[in-house]
Amino acid sequence: MSTDAIVLLKEDHKEMRRLFKAFQDAEEGPASKRKQLVGQIIEALTVHTYLENEVMYPEVRKLLPDLEDDILESYEEHHVADLLCAELFTMDAEDEHFNAKTTVLIENVLHHVEEEEQEWFPKVREALGRKQLQEIGERMIELRDGAPRKPTDPKALKKSLHAVTA
Ligand SMILES: [Fe+2]
Ligand SMILES: [Fe+2]
């Protein structure tokens, strides 16, 4: 199994795309199914966001100052997704806002993931060596088990609160 940071993050993105597709297929279906899928989406996003916020973004920012604007924009995009996830987490799937909010979350995350994969991950790949990307990936693997899985976890809240109060 690869420990390359970009490979690992792209695997997460792939799983997210799969869950998004599953939600879109279930959009007209029973509330219980939609609630379950959104729960899985929120969990996947909470873990992924934590790993990017704690490891990938600060590391890239430190090593590649030219990408600072991309990183700052990424934090803001994650922040918008965090707010939507926090709202969806407590929302009843019967609520008329549930599907619309999930659709906006999916659109936002897909846009963000495209920017990572198309625009700045390739620059990171070019600038950093294989060894450096593996070290970053290894740190993400270490943190993964203890990563927050719910938006209400203090570890997940810390970053979202910081973004609005800083
Ligand atoms: Fe991201
Ligand atoms: Fe990502």
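Please treat every number below as a calculation from the coordinates, not as lab data. The shown structure was predicted, so the numbers you read here are calculated from the model rather than taken from an experiment. Note: ideal-geometry Cβ built from the backbone for every residue, glycine included; neighbour counts use all protein chains shown.
Each residue of region 60-67 in order: what ³J(HN,Hα) in whole Hz does its phi give by Karplus 6.51 cos²θ - 1.76 cosθ + 1.60, θ = phi - 60°, with x for Gly and Pro?
Working through the residues one at a time gives 5, 4, 5, 7, 10, x, 4, 8 Hz.
Tell me, what is the percent relative contact order of region 1-79, built from C-alpha pairs under 8 Å that lie six or more residues apart?
24
How large is the dipole of the chain about the Cα centre if only Lys and Arg carry +1 and Asp and Glu carry -1, each at its Cβ, rounded to the nearest 20 debye?
Rounded to the nearest 20 debye, it is 600 debye.
Give the relative contact order (percent, whole number) for the chain; include only Cα pairs under 8 Å separated by 6+ residues.
The normalised contact order for the chain reaches 40 percent.
Taking N as the number of residues in the chain, what is its alpha-carbon radius of gyration divided by 2.2 N^0.38 Å?
Values: Rg = 16.0 Å, N = 166, 2.2 N^0.38 = 15.3 Å.
After normalising by residue count via 2.2 N^0.38 Å, the value is 1.04.
Find which of Thr103, Gln132, His79 sits farthest along the positive direction of the dipole of region 5-165, computed with +1 on the beta-carbon of Lys and Arg, -1 on that of Asp and Glu, about the Cα centre.
Highest projection toward the positive end goes to Gln132.
Quick one: pull the percentage of alpha-carbon pairs in region 1-95 with a separation above 22 Å.
The calculated P(r) of region 1-95 puts 37 percent of pairs beyond 22 Å.
Convert 37 °C to kelvin, take the viscosity as 0.692 mPa s, use the Kirkwood radius over C-alpha pairs of region 48-111 as Rh, and evaluate the Stokes-Einstein diffusion coefficient in µm²/s, rounded to a whole number.
252
How about region 101-156: which GluC sites (Glu not before Pro) there lie in a loop by DSSP and see at most 10 other Cβ atoms within 10 Å?
Values: sites: Glu107, Glu114, Glu115, Glu116, Glu117, Glu119, Glu126, Glu135, Glu138, Glu142; in loops: none.
Within region 101-156, no GluC sites (Glu not before Pro) qualify (loop, at most 10 other Cβ atoms within 10 Å).
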